[in-house]
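Enquirer: Below are the structure tokens for one structure; questions will follow.
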Amino acid sequence: MTLNIPFDNTYAQLAPHFYSKLAPTPVAAPRLLAFNERLAEVLGIMRRSDEDLAAVFGGNVVPEGADPLAQLYAGHQFGSYNPQLGDGRAILLGEVLGRDGIRRDIQLKGAGPTPYSRNGDGRAWLGPVLREYVVSEAMQALGIPTTRALAAVATGETVWREQGLHGAVLTRVAQSHLRVGSFQVFAARGDTASLATLTDYAINRHYPDADGPMGLLRAVRDAQVELISAWMSVGFIHGVMNTDNSSIAGETIDYGPCAFMDVFHSNRVFSSIDRSGRYAYSNQPQIAVWNLAQLATALIQQYDDPEGVVEEATEIVHAMPDLLQSAWLRRFRAKLGITSEDAGDMELITDLLRLMAEGQADFTNGFRALLEGGARDQFLDPEGFDAWEARWRERITKEEAVEATMARANPVLIPRNHRIEQMIAAAVAGDMAPFERLNQALSAPYEARAEFADLRQPPAEDEVVRATFCGT
Ligand code: AMP
Ligand code: MG
């Protein structure tokens, strides 16, 4: 008996050139590693035996109602246009209308080769699968829009990278997998009819109030503004903000070489493949604008007479930096307990960030210590901080509910890189306890719980993770 998933598929109803229909490639020995019961409940999926879950979420059994397919898309990767990407190792099983009324994709990542695999093997290994599971669920708990993790399954097969590694499949859940690159692929081909179809599809699915292509552009912009400012506020570095990893629904998608900063540095880069620092922490807002400009360029292609529309699109894109700045200010004000606006706030915030960089303060602990006490100990130069603190204390005398605001804006826990690496090493050795514990701790990241005090600690010298790898 297979798992009962209440599928209700819409993308699969689009014309055949939007995707390639194919089933996941079965794996040798599927074994359930993790299953997200709370998410399953929202999706209306009943818990079954581990064997049934592993069979479906490992790709060996296609559940009833699924209409499996790989989606077509293109994208700019590190600024260069790649005309055909597509799901090279992901297969969309279908969509589910959740108990909360939200439609979501259920997708297997690492499900075997597809027509878009190019030279890839279509597979994933355990490390990135568990990393995405933990980090995406932590993002959700932090209140940041993100794809979710429903299940992780070991395949019992070896995946070859530089060495033989344990194969695994992640079940990813997203409000959709539409990306900027989903539009670019048709724009580049001059296929205006498909562009129009996809525009309508995206509006119906995500922004029913949006009026036409420019309404969609504006809605995506606003969603991306919220998303990127949220990343900035927790020290998150996505690492591969290519247009194929830029979600139309405004979710964080594709956790490759992503990382949370420990010590604050505005130009921080972790990704080993980002040699020029294109996707450095402080560049993320700018890159989001660049990506939106690519979406604008694509959407415009569907107009016969684009003249007036070009002007409107330009205005929509040009407004984005100011919107990002406002959202950023709002979020960093909140981190300082401020909800009103004062002309000096920008300077107050940037001065603190400069002190943090100079004083090698831990980003998360530095901000949280402003609330809990002991902030000056986070800085190499406590006196510099003292002067700043006096200015800040003066500023918040005009504020109400300072502590409540700060407690909501400054997490106690983030998925620290060294903990992720330790968790992966344990899982490779067959010990899933650190994975379970990290998930449990990160499910309430704004709560200071004594039992998880060790997870607040920055890495010791020999634990510091200096680079992250796509390691697909
Ligand atoms: P990413 O950098 O993870 O967003 O991936 C970029 C593109 O490479 C996407 O089209 C992926 O589907 C594809 N890809 C990544 N890893 C693999 C793999 N192991 N096999 C096939 N395609 C892959
Ligand atoms: Mg991708």
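The values are calculated or read from the model by the stated rules, or taken from the named source; none is laboratory data. Every value quoted in this text rests on a predicted model; they were computed, and no experiment measured them. Note that we place each Cβ from the backbone using ideal geometry, even for glycine, and neighbour counts take in every protein chain shown. Heavy atoms of the whole protein, side chains included, go into the accessibility calculation; ligands, DNA and RNA do not. Shrake-Rupley method; radii C 1.70, N 1.55, O 1.52, S 1.80 Å.
Enquirer: Please state the charge dipole magnitude for the range 330-409, taken about the Cα centre, from unit charges on C-beta atoms (+1 on K and R, -1 on D and E), reported in debye and rounded to the nearest 20. Walk me through the intermediate numbers first.
Expert: Working: 12 positive and 17 negative charges, 73 e Å.
Dipole of the range 330-409, to the nearest 20 debye: 360 debye.
Enquirer: Also, quick follow-up: Tell me which GluC sites (Glu not before Pro) from the range 344-420 have a DSSP coil assignment and no more than 13 other beta carbons within 10 Å of their own. Show your work: numbers first, answer last.
Expert: Numbers: sites: 347, 358, 372, 383, 389, 394, 399, 400, 403; in loops: 399, 400.
In loop regions of the range 344-420 (DSSP not H, G, I, E or B), the sparsely surrounded GluC sites (Glu not before Pro) are 400.
Enquirer: Of the heavy-atom accessible surface of the range 294-420 (probe 1.4 angstrom), what whole percent is carbon and sulfur?
Expert: Ligands and nucleic acids excluded, carbon and sulfur give 47 percent.
Enquirer: Continuing with the same structure: If amide hydrogens are placed 1.01 Å from N in the peptide plane, which non-local residues have theirs closer than 5 Å to the one on residue 146?
Expert: Correct list: 252.
Enquirer: For the range 378-449 and the range 72-91, what is the separation of their Cα centres, given in Å?
Expert: Between the Cα centres of the range 378-449 and the range 72-91 lies a distance of 35 Å.
Enquirer: Given contacts defined as C-alpha pairs under 8 Å and at least six residues apart, what's the relative contact order of the chain, whole-number percent?
Expert: 14 percent
Enquirer: Accessible area per residue for the range 360-433 in Å², computed with a 1.4 Å probe and the full protein assembly in place, what is it?
Expert: 45 Å²
Enquirer: Taking the alpha-carbon distance from residue 109 and a cut-off under 16 Å, which lysines remain once sequence neighbours fewer than 8 residues away in the same chain are dropped?
Expert: Reachable lysines: 21.
Enquirer: Still on this structure: Under a 1.4 Å probe, what is the accessible area of the range 306-357 per residue, stated in Å²?
Expert: 50 Å²
Enquirer: So, with +1 on the Cβ of K and R and -1 on the Cβ of D and E, and no other charges, what is the size of the charge dipole of the chain about its Cα centre, to the nearest 20 debye?
Expert: It comes to approximately 900 debye.
Enquirer: Based on the Cβ-Cβ distance from residue 449 to residue 400, what FRET efficiency comes out when R0 is 22 Å, to the nearest 0.05?
Expert: Once the sixth-power term is evaluated, E becomes 0.20.
Enquirer: Let's see if you can work this out: charge +1 on each Lys and Arg Cβ, -1 on each Asp and Glu Cβ, no other charges. What is the dipole magnitude of the range 159-219 about its Cα centre, in debye to the nearest 20?
Expert: Its charge dipole is roughly 200 debye.
Enquirer: With each run of n ≥ 4 DSSP H residues scored as -39500 (n - 2.57), what mean residue ellipticity at 222 nm is computed for the chain after dividing by its residue count and rounding to the nearest 500 deg cm²/dmol?
Expert: On the way: 15 runs with 193 residues, N = 472.
Estimated from H runs of four or more residues: -13000 deg cm²/dmol.
Enquirer: How big is the gap, in Å, between the Cα center of the range 132-152 and the Cα center of the range 327-377?
Expert: Answer, in whole Å: 26.
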